[in-house]
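The values are calculated or read from the model by the stated rules, or taken from the named source; none is laboratory data. The shown structure was predicted, so the numbers you read here are calculated from the model rather than taken from an experiment. Cβ placement follows ideal geometry from the backbone for every residue including glycine, while neighbour counts extend to all protein chains displayed. Just so you know, the surface numbers come from the protein's heavy atoms only, side chains and all, with ligands and any DNA or RNA stripped out. Shrake-Rupley method; radii C 1.70, N 1.55, O 1.52, S 1.80 Å.
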Amino acid sequence: DVLQNVPSVSVDVDGAVSLRGKSNVTILIDGKPATLLGGDEQTALQSLPASSIDQVEVITNPSAKYDATGMTGIINIITKREKKFGFNGSINIGAGTRDKYNGSINLNIKNEKWNLFLNSSYRQNRMYMRNTTLRDNKLSDGFSESYEDNLRIFNGFFNSIGAEYKIDTNNSITLTQNINKMYHGGKGRSTFSTFASAGDLLTRQERSNLSGGGPISSSTSLDYKRKFRKKERELSANATYVASWRDGKQEYTTNTYNAGDVLIVGPIYQDAPSTGTNNSLNAQVDYTSPMLTKNGKLEAGLKSQLFWFKSDNKPTVDSAGTGREIDSVLYNGYDYTQQIYAAYTSWSDKVGKFRYQAGLRMEYA
């Protein structure tokens, strides 16, 4: 909902984000990939409450500092962290039509050395969708009609707790722990009918579906930041470990009838339970410093990313009423590992009203 109000950013009915009309956008939350919350970017965004957002940065011309993916642009969502001394807190609750509820609590305790913070939220969202499609077949002069009624359900917990310790004026360290649980599913029914050119019914197929599941994820992040006497010169380092577990189910029942409303195929029962785990370890060091000219800035850094992913999908089918059997056509097991090591450097400057930047990034994957 917040992103819908950001210029040049669009969000479709399914929650997919595009920038300037193009997809392949990298979503960051506090400078880290949104997928670290568990699941894909879309479900990660749905679990983050608007009340926890401080500001949204849109980067349409990413420098060499950022990963080579998502070159359409970058959206960085910065969450709130109270900067006032003492104890601060807020509680938000909300409700919308058709079973939409949300609530969040933000707490913060800060003194000269410590800054302790807690963000916890819950969201429940139901969306009802009805689609009607009419298609004419110009070759056979027949036509078809389809109707779909679907209920989509999304529930999510987002919890973040952390502590920032200020070692001295120039050095600080922050430890953050996120624990998130999401559920998305739904149920629906569809009807697909074909007709002759005169309008006589040829066949009708009815299908019902039921789905549900979602990830539980944990991410632990350690950040170090050093500021120097020279303004805007900074050294930062980060290490983040993420573990996520996902399970889900999809069930379908399909019946096909002829023009006389006699069952000719079915019922066909299909079930597709799935499980998956993914783990990742990210580590990076970044250095920024003004250099040579009044507006000149040098950036350089190193990054490594290790990723392990496993999933199993064991679908079954019962088309003859004799019991469910493994559907070998759709059965799959997926085991994926990835390692990426990167180094970059970039230079930016401003001459009059003209601003430019140039950079080089090398990645080994």
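Let me check against my output: what whole-number percent is the relative contact order of the chain, with C-alpha pairs under 8 Å and at least 6 apart?
Once divided by the residue count of the chain, the mean separation gives 10 percent.
Measuring with a 1.4 Å probe in the full set of protein chains, what accessible area per residue, in whole Å², belongs to the stretch 273-365?
67 Å²
Where only protein heavy atoms count, and the probe is 1.4 Å, what is the accessible area per residue for the stretch 88-138 in Å²?
About 72 Å² of surface per residue is accessible.
Please calculate the 1.4 Å probe accessible area of M127, with all protein chains present, and give it to the nearest 10 Å².
The accessible area comes out at roughly 60 Å².
Mind checking which aspartates and glutamates have their Cα closer than 14 Å to the Cα of K100? Skip sequence neighbours fewer than 8 apart in that chain.
Reachable aspartates and glutamates: D1.
Suppose the Debye formula is applied to equal point scatterers at every Cα of the stretch 110-239; what is log10 I(q)/I(0) at q = 0.20, 0.23 Å⁻¹?
After summing over all Cα pairs, the log10 values are -1.09, -1.23.
Mind checking the dipole of the chain: about its Cα centre, +1 per Lys or Arg Cβ, -1 per Asp or Glu Cβ, Debye to the nearest 20?
Dipole magnitude for the chain comes out near 2060 debye.
Tell me the label only: which of [x] 25.8, 85; [y] 44.7, 153; [z] 28.7, 103 is Rg and Dmax of the Cα atoms in Å as calculated from this structure?
Of the labelled values, this structure produces [x].
Could you tally the net charge around S104, taking each other residue with its Cβ under 11 Å from the Cβ of S104, Lys/Arg +1 and Asp/Glu -1?
+2
Can you give the % of DSSP beta bridges in the chain that are antiparallel, to the nearest 5?
So the antiparallel bridges in the chain amount to around 100 percent.
Between beta-carbons, use under 9 Å as the cut-off and find the net charge around F154, counting Lys and Arg +1, Asp and Glu -1.
Around F154, the charge tally is +3.
Going by a ≥ b ≥ c, the root eigenvalues of the Cα gyration tensor, does the stretch 258-365 fall in the rounded group (a/c under 1.5), the prolate group (a/b larger than b/c) or the oblate group?
Verdict is prolate for the stretch 258-365.
How much accessible surface does Y122 have with a 1.4 Å probe, in Å² rounded to 10?
Accessible area, nearest 10 Å²: 70 Å².
Using the crude model of +1 on Lys and Arg Cβ and -1 on Asp and Glu Cβ, and no other charge, please compute the dipole size for the stretch 210-365 relative to its Cα centre, in debye to 20.
1840 debye
Once neighbouring chains are kept in place and the probe is 1.4 Å, which whole percent of the accessible area of the chain is contributed by carbon and sulfur?
54 percent
Need the list of aspartates and glutamates near K187 for cross-linking: C-alpha distance under 13 angstrom, and skip anything on the same chain fewer than eight residues off.
Straight-distance partners of K187: E148, D149, E251.
Sequence neighbours fewer than 8 away in the same chain don't count; with that in mind, list the lysines whose C-alpha is under 28 Å from K113.
Within reach: K32, K80, K83, K84, K166, K225, K227, K230, K231.
Among T203, G103, T132, flag the residue with its Cα farthest along the positive direction of the charge dipole of the chain, charges on Cβ as +1 for Lys/Arg and -1 for Asp/Glu.
Farthest towards the positive end: G103.
I want the local charge near G188. Using Cβ-Cβ distances under 14 Å, sum +1 for each Lys or Arg and -1 for each Asp or Glu among the other residues.
+2
So how long is each side of the stretch 103-171 along the principal axes, counting just the alpha-carbon atoms, biggest first, in Å?
79, 26, 9
Find, among the trypsin sites (Lys or Arg not before Pro) in the stretch 89-194, those assigned to loop by DSSP (not H, G, I, E, B) with at most 10 other beta-carbon atoms within 10 angstrom.
R98, K138
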